[in-house]
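This report concerns only the one structure given below.
The values are calculated or read from the model by the stated rules, or taken from the named source; none is laboratory data. Please read all numbers here as calculations on a predicted model, not as lab measurements. As a convention, Cβ positions derive from the backbone with ideal geometry for all residues, glycine included, and neighbour counts pool all protein chains shown. Areas reflect the complete protein model, heavy atoms only, side chains present, ligands, DNA and RNA absent. Shrake-Rupley method; radii C 1.70, N 1.55, O 1.52, S 1.80 Å.
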Amino acid sequence: GTGAPLLEVVDLLVRYGDIEAVRQVSLKVGVGEFVTLLGNNGAGKSSTLKAISRLAQASGSVRFSGHEVIREPTERLVGMGLALVPERRRLFGGLTVIENLKIGAYGRSHAELAGLIEEMLELFPNLKRLSASLAFSLSGGEQQMLAIARALMSRPRLLLLDEPSLGLAPLLVEQMFGKLVEVNRQGTAILLVEQNARMALSVAHRGYVLSSGRIVAEGSAAEVARDPRLMGAYLGHG
Ligand code: ATP
């Protein structure tokens, strides 16, 4: 792409006590780009996303939209156009679908709310008939769609997703990734953390591979997908 990247992470370090969970991680997401961050269990994917969204302490540099944000509070980042779909969705189970969506509308005016909700119910038609249902009563796939819709309510320029395929049947994973492609085509950049490498590489433009807290490979999604060494050693597709 042209111009400065939307997100630029340089030399990220995340530690938990003596454990360095993420070391020297550098990555970029361009405006409107769809990037996936892959790696096995414990590779450091969640820690990287949490550090970017300021839910974990980190050192190094995280530039978003041209600003250094590594010390900014998470709410400020949402205001700047970054939204996170956390691992295991973290919905408010005792609130309805509509109420969950409203919570995602951080920084949007009251006047915009109705229009945003309508947009989300158009993008995720399954949620329409469930709009008055409590979130806990939804199926896993429906809950994941709701978590994505809630994050989109802030109209982010960059959507971060932490393993959205977790616990979903293959058909639902495919549906959900199809939605992400649609969201990306409408102009939202995506950074997708996944263990499901093949599926993620089938929708992303570029990929990074993490192992033991370090980036061990990066390239176009097609390049990563056809590298048997990578797919076998780091991504569990041997
Ligand atoms: P997963 O798919 O299991 O979430 P991941 O690639 O997202 O894996 P992280 O969750 O970032 O990996 O974990 C990276 C390393 O840091 C692991 O060794 C993990 O045990 C460790 N770790 C993660 N969170 C903490 C924490 N709060 N305290 C101590 N160690 C942690």
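Here are some notes:
- In terms of its C-alpha gyration tensor, the stretch 78-177 has an oblate overall shape, because the principal axis ratio a/c (a ≥ b ≥ c, square roots of the eigenvalues) is not below 1.5 and a/b does not outweigh b/c.
- Under a 5 Å amide H cut-off, with hydrogens placed 1.01 Å from N, ARG15 pairs with ALA21 among residues at least 5 apart or on other chains.
- Taking the Cα centre of the stretch 11-154 as origin and assigning +1 to Lys and Arg Cβ atoms and -1 to Asp and Glu Cβ atoms, the resulting dipole is close to 220 debye.
- For the stretch 224-236, Karplus couplings with θ = phi - 60° (6.51, -1.76, 1.60), whole Hz, Gly/Pro x: 5, 5, 9, 9, x, 5, 5, 4, x, 6, 10, 10, x
- Computed Kirkwood radius, in angstrom, where 1/r is averaged over Cα pairs of the stretch 149-238: 13.8
- Amide H to amide H, with H built 1.01 Å from N, GLY219 comes under 5 Å of GLY207, counting only residues 5 or more places away or on other chains.
- When the solvent-accessible area of the stretch 43-162 is split by element, carbon and sulfur atoms take up 52 percent of it, the probe being 1.4 Å.
- Amide H within-cut-off set for SER211, under 5 Å, with H built and near neighbours excluded: VAL216
- Accessible area per residue for the stretch 8-79 is 45 Å², calculated with a 1.4 Å probe on protein heavy atoms, without ligands, DNA or RNA.
- Per-residue Karplus couplings for the stretch 94-108, computed as 6.51 cos²θ - 1.76 cosθ + 1.60 with θ equal to phi - 60°, are listed in order as x, 10, 6, 4, 4, 5, 4, 4, 4, 5, x, 7, 3, x, 9 Hz, Gly and Pro entered as x.
- Here the convex hull built on the C-alpha positions of the stretch 24-107 has a volume of 130 cubic angstrom per residue.
- For the pair SER133 and ASP18, the difference between a 0.36 nm per residue extended length and the Cα-Cα distance amounts to 36.9 nm.
- On a per residue basis, the stretch 99-238 carries 46 Å² of accessible surface, using protein heavy atoms and a 1.4 Å probe.
- Residue by residue, the stretch 173-183 carries 3J(HN,Hα) couplings of 4, 4, 4, 5, 5, x, 5, 5, 4, 4, 4 Hz when phi is fed to the Karplus relation 6.51 cos²θ - 1.76 cosθ + 1.60 (θ = phi - 60°); x denotes Gly or Pro.
- The label-point distance for ARG229 and VAL216, in a model that sets each label 7 Å from Cα toward Cβ, rounds to 1.1 nm.
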